[in-house]
Amino acid sequence: MKRTTVLTSLGSISLSVILAFSAWVGLAFMRSKPVSTDRVLGASSSEVSVTPTPLPYPVRSEAKAPTIQARRYALYNPDSGKLLEGKDANLQVPIASTTKLMTTYVIARMGQTSDEIVVSREAAFQIGSLMNLRPGEKITIDSLLKGALLVSGNDAAMALAEYGGGRLLANPSAPREERVARFVEEMNATANKLGMANTKYADPAGLDDTGHSTALDLAKLAHHTTQDSVIKAIISTPSVTVTNVSGTIRHDLRNSNRLVADYFYEGVIGGKTGFTPEAGHCLLSAAERNGMKLIAVVLSTYAETKEASAQETRKLLDWGFANWHIE
C-alpha cells in the first residue's frame, strides 16, 4: 500500500475517534449538569431567569411595646409572615365565636350564596347570641353569613353548617347530626390547609370550648378571610338589615366589632368577636394603612366588659402602625 494511502486512512480514523470522544464528553456533561431552579418550566430559551421576590421586611422603632390587658395576644404582619409582638401566641385555648370566621369562610368558598334554605328547629333554638331566626323561615345563605359574622348568631352558624354539610355529603336530606359533623370535619381540613397547626374545631358556632386555637393561628385565618371578597364586604359593614325570602321577617344586624361599628377605626378591614365564660372576651381584627397590613388578635381580656377586646385591639394596632414600617 502506498504511504499516502496509509496516512490518509490513519487520519480518517483519528478524526472519527476524536469526534466520537467529543460527543461522548458533551453528553456526559449535559447529563451531569444540574437543572436550573431559576427557570420557569416550559419557558423558551430566550426568556430570562426568574429569581424569587424577597418578602417585605418589617422594621421596628425603639419604642416600647404597649401593655396589653389580655392573657394572650398577637400582632401579625401577613405580608412578611412575621409575628411582630405577642404573648402566649402559640398557646392552645378556647376561642368562642371567633370560630364562626372559619364557618363562614368554608361556606363562602363553596359559592352559591344566593341559595335558599329552610331554617330547622334545631338551628333556630340555639342558645347565646342569635340572629333570631324562626323555625321554618326561608332565607338565603348570604343573609345567614351576615347574621353569623355581624351579630355572631349561633342560629345562623348552625343553619350554615347544616346546609354546608349536606352539600359536602351530596345529600341535603342526610341526618342533621351527620351533616354538621361532616361540616366540622371540613373546617378542620381547611385549617390544616391554611397552616393552622394548633387549631381544632369542635362545632360551627364556638359554643363547645373543647375546640381550640391560638392567637397566631387566628391571625393567619383573619388574613385569608379578609382576602375573600364575600366575607370582607360583610365584616367591614357597620350594620345591615336582611329579611327572609318573602320579606315578611326582618333581621336588623349591627356589627359586634366595635372597631367597625363604634370607633370607625382608621384603615379597619374587619374581623370577628367572641365570648364564652371560659374563653373570655376575644377579638381578631385586620387593618391597613400606608400599604402595611396588620392583624391583631386579643384572647381573654382581663376586664370582663364587652368593650375591653376592642380597646386592647385598638391599642395594639395603634402601636403597630406607629412603630413598624416595611422595607
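The values are calculated or read from the model by the stated rules, or taken from the named source; none is laboratory data. Quick caveat, the model's predicted, so the values are computed rather than measured. Don't worry about glycine lacking a Cβ; one is built from the backbone with ideal geometry, like all the others, and counts go over all protein chains shown. Keep in mind that these areas ignore ligands, DNA and RNA; they rest on the heavy atoms of the full protein, side chains included. Shrake-Rupley method; radii C 1.70, N 1.55, O 1.52, S 1.80 Å.
Within the group THR51, THR37, THR67, which residue is open to solvent by 40 Å² or more (accessible area, probe 1.4 Å), β-branched (Val, Ile, Thr) and modelled with pLDDT of 95 or more? Steps first, answer last, please.
On the way: THR51 fails: modelled with pLDDT of 95 or more; THR37 fails: modelled with pLDDT of 95 or more.
The unique qualifying residue is THR67.
For region 193-201, indicate whether the set of residues that are under 20 Å from the mean Cα position of the chain (by Cα) and either on the phi > 0 side of the Ramachandran plot or at pLDDT below 95 (or both) is non-empty.
So in region 193-201, the residues under 20 Å from the mean Cα position of the chain (by Cα) come out as 193-201.
Still in the running and either on the phi > 0 side of the Ramachandran plot or at pLDDT below 95 (or both): 195.
Among the residues of region 193-201, at least one is under 20 Å from the mean Cα position of the chain (by Cα) and either on the phi > 0 side of the Ramachandran plot or at pLDDT below 95 (or both), which makes the answer yes.
Among the candidates ALA189, ALA170, ALA219, which residue alone is surrounded by 14 or more Cβ atoms within 10 Å (Cβ to Cβ) and either among the small types (Gly, Ala, Ser) or modelled with pLDDT of 95 or more (or both)? Walk me through it before giving the result.
Working: ALA189 fails: surrounded by 14 or more Cβ atoms within 10 Å (Cβ to Cβ); ALA170 fails: surrounded by 14 or more Cβ atoms within 10 Å (Cβ to Cβ).
Of ALA189, ALA170, ALA219, the one residue that is surrounded by 14 or more Cβ atoms within 10 Å (Cβ to Cβ) and either among the small types (Gly, Ala, Ser) or modelled with pLDDT of 95 or more (or both) is ALA219.
So, of the residues in region 224-237 that are open to solvent by 30 Å² or more (accessible area, probe 1.4 Å), in contact (Cβ under 8 Å) with a residue 24 or more places away in the chain and assigned to a helix (DSSP H, G or I), which turns out to be nearest to GLU278 (Cα to Cα)?
Of everything passing the filter in region 224-237, HIS224 is nearest to GLU278 (Cα to Cα).
What tally of residues in region 54-64 results from selecting those that are under 21 Å from the mean Cα position of the chain (by Cα) and open to solvent by less than 50 Å² (accessible area, probe 1.4 Å)?
Result for region 54-64: 2.
Restricting to region 201-216, and then to whatever is aliphatic (A, V, I, L, M) and part of a loop (DSSP other than H, G, I, E, B), can you tell me which residue is most open to solvent (accessible area, probe 1.4 Å)?
Pass one, region 201-216, residues aliphatic (A, V, I, L, M): 202, 205, 207, 215-216.
Going one step further and asking which of them are part of a loop (DSSP other than H, G, I, E, B), we end up with 202, 205, 207.
Numbers: ALA202: 41, ALA205: 1, LEU207: 70 Å².
The extreme case among them is LEU207.
Take the residues in region 81-116 that are in contact with a Gly (Cβ under 9 Å, 6 or more places away or on another chain) and over 21 Å from MET187 (Cα atoms); name whichever of them is most open to solvent (accessible area, probe 1.4 Å).
The extreme case among them is GLU85.
Among the residues of region 117-132, write down those that are open to solvent by 10 Å² or more (accessible area, probe 1.4 Å) and not in a helix (DSSP H, G or I).
If the condition is that a residue be open to solvent by 10 Å² or more (accessible area, probe 1.4 Å) and not in a helix (DSSP H, G or I), then ILE117, VAL118, SER120, PHE125, GLN126, ILE127, GLY128, SER129, LEU130, ASN132 are the ones that fit.
For VAL260, which of the numbered conditions (1) farther than 30 Å from ASN77 by Cβ; (2) touching a strand residue (DSSP E or B) at 6+ places or on another chain (Cβ under 7 Å); (3) among the β-branched types (Val, Ile, Thr) fails to hold?
Just one mismatch for VAL260, condition (1).
Working only within region 85-102, note down all residues that are over 13 Å from THR199 (Cβ atoms) and not small (Gly, Ala, Ser).
GLU85, LYS87, ASP88, LYS100
Take the conditions outside any helix (DSSP H, G or I), of a type in the set (A, V, I, L, M, F, W, C), open to solvent by less than 10 Å² (accessible area, probe 1.4 Å) and out of contact with any Gly (no Cβ under 8 Å at 6 or more places or on another chain) and apply them to ILE139. Does it pass? It would help to see each step written out before you state the result.
Details: outside any helix (DSSP H, G or I): yes; of a type in the set (A, V, I, L, M, F, W, C): yes; open to solvent by less than 10 Å² (accessible area, probe 1.4 Å): yes; out of contact with any Gly (no Cβ under 8 Å at 6 or more places or on another chain): yes.
Criteria met by ILE139.
What pairs come up if the first residue lies in region 162-191 and is free of Cβ contacts under 8 Å to residues at least 12 places away in the same chain and over 21 Å from TYR105 (Cβ atoms), the second is open to solvent by 20 Å² or more (accessible area, probe 1.4 Å) and part of a helix (DSSP H, G or I), and their beta carbons are under 7 Å apart, counting only those six or more places apart or on different chains?
Between residues of region 162-191 that are free of Cβ contacts under 8 Å to residues at least 12 places away in the same chain and over 21 Å from TYR105 (Cβ atoms) and residues that are open to solvent by 20 Å² or more (accessible area, probe 1.4 Å) and part of a helix (DSSP H, G or I), there is no close pair.
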